[in-house]
Structure formats: structure tokens, C-alpha cells
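Asks: Sharing a structure below in C-alpha cells format, with a few things to ask.
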Amino acid sequence: MKKSNASLRAFYELGKRVAELREETERVHGTFAKLRATSAAAKNRRMEAHRFYKLYRDQLDWICSLGVTKGKPLTRSHVILLQRIFSSRKRRSLAAQCSRQGWSVQRLDWEVRQLAPRRTYGGARYKPSQSVNEALLVTERLLRRLIRWLNVMSLINSEAGKPPIDELPHPIPQKLRKILGEAETLEKLCAKKRGQPAKPRSKTRKTRR
């Protein structure tokens, strides 16, 4: 009988190989060298596989069996998100629910954020800026990300007939719209202080009240 979820099993085997090499080299950089992982993406993938191996050594058959008879099998992207849940009981329950209800990666990401708003591992830390110009530039970039997100939240949802921002509890929608306006003003101010024109925005359908 062919084993279920071959892609997850391959991911597990990669993690197992990383674990074996780490015991041999005793240094993570030596492990990456042996695995020929040179890019940041390749290194991250191997570290994610290693964590998957450690978390599911005794549950591999179980998690690979999810979605075989009902629902959908989990993908590598799903299990990477599940790694952010510290509690094994909650992680197992969420994995089963995700498979049973056929959640997308985006839906699982939202559910995980409710249980683990912050990543429990990895992630680069911000460093103090070396100049005023650098501080302005970083602030501008962060504001731009916030503005893009709030603009997406303000788009009309074809199914619900209203933007997702309006589905949030009162008074969050009104406060977010106020923040959006202030963020746009502040982004332009940061660009002006740096002596650079603010980047023009593409026109999108937005609803503001």
C-alpha cells in the first residue's frame, strides 16, 4: 500500500537529514555547507524541515494520514504554520480541523495568529538606525506596508458585499481608517524630509467612510 502524503514525508526526511548532519558537524553553518544550502530561502527550508522532524517524529503517520479519506491533506506550507503553535495539543487539534475543513494556507495563517500572534522562533531583529536618513527610510517602508494592508482591507468583498474592514468589531474600522489617513500623510512627510518624492500609488477601488 502506498504511504499517504509523499510530499510531507519527503519534507520529514529532509529534516531528519539535517538533524543527522548537525550531530556530525556540531555547527549549523557546516550543516548548510554539506546540504549545499547557499541562499537564505534554502537555509530557511532546511531549518523548517528540521523543526518538522523534531515535532512529528512520533506523529508522522498520523499527520500524513489527515485528509486521506475526508477533507484535504496538509501541505508543507500548512505544517510550517503549525510549527508556531507551542502547545502540542492545540497544534494537533488545529491540524485535524484544518484538514477536515480543507482550509487554505491563508485561512490557517489567520487561525494560527489568534493562538500565536508572534513567531516562536527565527526572524531578523531590527537594528538601531545609523543616521536620521536611514531611520526615515525604514519608517517610510513600514508605513508603506501598513498602507497596502489597510487598502486591501478596504476593498469590496464580492461575496459579502462589503469590505473586510467593516466586518471588524466597533470601533476598530473607524480607527483603522483614521490610521490609514495619518499613515499616508506621515509617509509623504518622511519622503519629503529625505528629499525624495513619495512613490505614486496605483489606483484601487477603496471604500472610505
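Asks: Is it the case that Arg36 is closer than 23 Å to Arg92 by Cβ and at pLDDT 70 or above?
Replies: Here the answer is no, as Arg36 does not meet what is asked.
Asks: Now, a different point. Hey, among the residues in the range 1-33 that are part of a loop (DSSP other than H, G, I, E, B) and open to solvent by 70 Å² or more (accessible area, probe 1.4 Å), which one's modelled with the lowest pLDDT?
Replies: Met1
Asks: Okay, moving on. Pairs only if they're at least six apart or on different chains, beta carbon under 9 angstrom, first in the range 174-192 and among the polar types (S, T, N, Q), second open to solvent by 40 Å² or more (accessible area, probe 1.4 Å) and not in a helix (DSSP H, G or I); list them, first residue then second.
Replies: These pairs meet every condition: Gln174/Arg209.
Asks: While we're here: Quick check on Ala49: is it surrounded by fewer than 15 Cβ atoms within 10 Å (Cβ to Cβ) and modelled with pLDDT of 80 or more?
Replies: Answer is no for this residue.
Asks: While we're looking at this one, here's another question. I'd like to check something: does the range 115-135 contain any residue that is at pLDDT 90 or above and open to solvent by less than 40 Å² (accessible area, probe 1.4 Å)?
Replies: no
Asks: Return the residues of the range 88-103 that are loosely packed, with under 13 Cβ neighbours inside 10 Å and outside any helix (DSSP H, G or I); say none if nothing qualifies.
Replies: Gly102, the sole residue that qualifies.
Asks: Continuing with this model, one more query. Step by step: first the residues of the range 74-87, then only those that are polar (S, T, N, Q) and assigned to a loop (DSSP other than H, G, I, E, B), then the one that is least open to solvent (accessible area, probe 1.4 Å). Which residue is that?
Replies: Residue satisfying both the conditions and the ranking: Gln83.
Asks: Would you mind stating whether Arg144 is open to solvent by less than 60 Å² (accessible area, probe 1.4 Å) and modelled with pLDDT of 85 or more?
Replies: Criteria met by Arg144.
Asks: Has the range 195-204 got any residue that is farther than 26 Å from Ser129 by Cα and either modelled with pLDDT of 90 or more or touching a strand residue (DSSP E or B) at 6+ places or on another chain (Cβ under 7 Å) (or both)?
Replies: no
The values are calculated or read from the model by the stated rules, or taken from the named source; none is laboratory data. Predicted model, so just to flag it, every value in this text is computed and none were measured. Here the Cβ is made from the backbone with ideal geometry for all residues, glycine too, and neighbour counts use every protein chain on show. All accessible areas refer to the heavy atoms of the entire protein, side chains included, with ligands and DNA or RNA removed. Shrake-Rupley method; radii C 1.70, N 1.55, O 1.52, S 1.80 Å.
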